[in-house]
């Protein structure tokens, strides 16, 4: 993978992480009316697990969607939905273990009160949201078109700046949990 592609994928990661954060906050504030809280594991307005999930969708599903017509993509939505449910559930489970190891707990609700759960980390009823979220992956061509407007050197610079901010956030978050 070239440096240009790596920079683009990192920016895709951050775009989806920010969209995930907005989605989580929207659910909490507007739908559930619990009030605002930072839904991410870090201080910034992003949920990295959404970025990881989106990259997994891109790497796992892109070859099936590439060079397909809109009609063919629409026909594939049920398969994308199921694949994204599986991929995202696996990522959520792994992320819960990583967060617990590094931060002492995972930041989302436990699923202990749900009938079909595994170690209160994942549950069957929330998988539908992951499937729907994965279908949003069909927006990926819009992100690609957006980034195509920038030169490779500008994309590298932007991704480096965003990466530095993200790494500082990770360090500050870990230090704040230790202290």
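Once you have a ≥ b ≥ c as the square roots of the Cα gyration tensor eigenvalues for the stretch 1-71, tell me rounded if a/c is under 1.5, and otherwise prolate or oblate according to whether a/b is larger than b/c. Here the stretch 1-71 falls in the oblate category.
Short-range pairs are left out: with C-alpha atoms under 8 Å and at least six residues apart, the relative contact order of the chain is 25 percent. Across the chain, the volume of the C-alpha convex hull divided among the residues equals 138 Å³ per residue.
Under the rule a/c < 1.5 gives rounded, and otherwise a/b versus b/c splits prolate from oblate, where does the stretch 131-178 land using the Cα gyration tensor? The shape class here is oblate.
Looking at the calculated P(r) for the stretch 102-154, what percent of the C-alpha pair distances fall above 13 Å? Pairs farther apart than 13 Å: 71 percent. Could you tell me the center-to-center distance, by alpha carbons, between the stretch 118-156 and the stretch 10-81 in angstrom? Value for the Cα centre distance between the two parts: 4 Å. Extending 7 Å from the Cα toward the beta-carbon at both residue 116 and residue 33 defines two label points whose distance is 3.0 nm.
The packing ranking, built from the mean of other Cβ atoms within 10 Å per residue, places the peptides 34-46, 80-92 in the order 80-92, 34-46, highest first.
The numbers here are math on the coordinates, done by the rules we state, and not lab data. Owing to the predicted nature of the structure, the values given are computational and were not obtained by experimental measurement. With ideal geometry, Cβ positions are generated from the backbone for all residues, glycine too; neighbour counts draw on all protein chains shown.
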